[in-house]
Amino acid sequence: MGTDQALLYIVATPIGNLADMVPRAIEVLQCADLVAAEDTRHSQRLFAHFAIDTPLVAYHDHSDDKRTGQLLQKLEEGQTIALISDAGTPLISDPGYRLVREARNRGVRVVPIPGACAFVAALSAAGLPSDRFSFEGFLPAKAGAREKALRELAGDPRTLVFYEAPHRVADTLEAMAVAFGGDREAVIARELTKAFETMYLAPLDELTAWVRADSNQQRGEIVLLVRGAERRRDSALDGEAERVMKLLLAELPPRRAAALASEITGANKKALYNWSLEQK
Ligand code: SAM
């Protein structure tokens, strides 16, 4: 498949169910000159299933500069290389960033072959708002660092998405209940696309108890999703409008205070009135 133009394909592979492999991914892996894989032994199973016999080399983000340099040199010679990870989309909590960045720096064309990605699959079916979300990857393993990371996310209004290891999931849910409040909704998405696929939505307190009570829920591969923080309903008022409203409300009924404050500050009269009702 050697061409004059250097070409690096970033190829997504299934996250469990091999039937999720997209035809274009099979074709690219079959036709590439070389496939760089996170774990070559792991990828051999995929290769055997799809009758791919392209040479495999190991690549991970700890690969030394020499290995990265060798791959870049082959690309510059016109070879086509495909990067895969053990499962899902490379670079999503997986190796590849250094190679992609260096390749781009050298004018190599980098082409994505989209496919499975655990957090996208989880988000698409979780039933939590998906218009805005923050993918947080893995939380720190140590309890103190994890709690700090969660505290920093507590006010984020976006749906929060995490990858988590099965032996930590119960403790993490408990830490989330402390940081976000036990009534915040969350979803555990486990073993997606596989035989024991499970998705369960509940407030964090209930979800933690459910996971603790059933050791099966502490097995396999897991995505955790947490509803974002409720926006404070009075946040629509800026500081000046709030100050004026507080002064006027001390002397006037809400409707009159809102009308006057609207004239003084230019803020929306209805928003001012609604805000005054929330103060009671
Ligand atoms: N690159 C992958 C992707 O696109 O999703 C993620 C790689 S990361 C090293 C592995 C983590 O992804 C697992 O620990 C788990 O949190 C999540 N994961 C992978 N496969 C999954 C599945 N079938 N069901 C639920 N979570 C999965």
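A few comments on the model shown:
- For the range 151-167, the criterion of being near the ligand (Cβ under 10 Å from one of its atoms), within 13 Å of the chain's Cα centre (by Cα) and of a type in the set (D, E) is satisfied by at least one residue.
- Exclusive hit being of a type in the set (A, V, I, L, M) and loosely packed, with under 14 Cβ neighbours inside 10 Å, set A209, A202, A250: A250
- Residue in the range 182-197 that is in contact with a helix residue (DSSP H, G or I) (Cβ under 9 Å, 6 or more places away or on another chain), surrounded by 14 or more Cβ atoms within 10 Å (Cβ to Cβ), at positive phi and in the same structural domain as P157 (by TED's automatic domain parsing) present: yes
- Filter pass, A122 being outside the structural domain of L34 (by TED's automatic domain parsing) and either within 16 Å of the ligand (Cβ to nearest atom) or buried (at least 19 other Cβ atoms within 10 Å of the Cβ) (or both): yes
- All strands (runs of 3 or more DSSP E) inside the range 29-138 with 2 or more residues being more than 30 Å from A149 (Cα to Cα): 34-37, 56-58, 80-84, 109-113
- Exactly one residue out of R106, R146 is buried (at least 19 other Cβ atoms within 10 Å of the Cβ) and charged (D, E, K, R), and it is R146.
- Of all residues making up the range 151-174, the number that are part of a helix (DSSP H, G or I) and under 19 Å from R132 (Cβ atoms): 2
Residue-by-condition table, conditions (1) in contact with a strand residue (DSSP E or B) (Cβ under 6 Å, 6 or more places away or on another chain); (2) within 30 Å of G16 (Cα to Cα); (3) not in a strand (DSSP E or B):
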position: A202; (1), (2), (3): no, yes, no
position: D205; (1), (2), (3): no, yes, yes
position: T208; (1), (2), (3): no, yes, yes
position: Q217; (1), (2), (3): no, yes, yes
position: V223; (1), (2), (3): yes, yes, no
position: G228; (1), (2), (3): yes, yes, yes
position: K246; (1), (2), (3): no, no, yes
position: E251; (1), (2), (3): no, no, yes
position: R255; (1), (2), (3): no, no, yes
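- Positions within the range 99-115 being within 16 Å of the ligand (Cβ to nearest atom) and out of contact with any Gly (no Cβ under 9 Å at 6 or more places or on another chain), in sequence order: L99, V100, P112, I113, P114
- Any hit, the range 4-24, residues being of a type in the set (S, T, Y) and assigned to a helix (DSSP H, G or I): no
- Cβ pairs under 9 Å, 6+ apart, first in the range 173-192 and under 28 Å from P14 (Cα atoms) and of a type in the set (V, I, T), second more than 14 Å from the ligand (Cβ to nearest atom) and not in a helix (DSSP H, G or I): V187/G127; V187/L128; V187/L201; V187/A202; V187/V226; V187/R227; I188/L201; I188/A202
- Candidates G107, G69, G88, G115 - the one that is touching a residue at least 40 places away in the same chain (Cβ under 8 Å) and out of contact with any strand residue (DSSP E or B) (no Cβ under 9 Å at 6 or more places or on another chain): G107
The values are calculated or read from the model by the stated rules, or taken from the named source; none is laboratory data. Just so we're clear, the structure is a prediction, and the values are computed from it rather than from any experiment. Backbone-built Cβ (ideal geometry, glycine too); neighbour counts: all protein chains shown.
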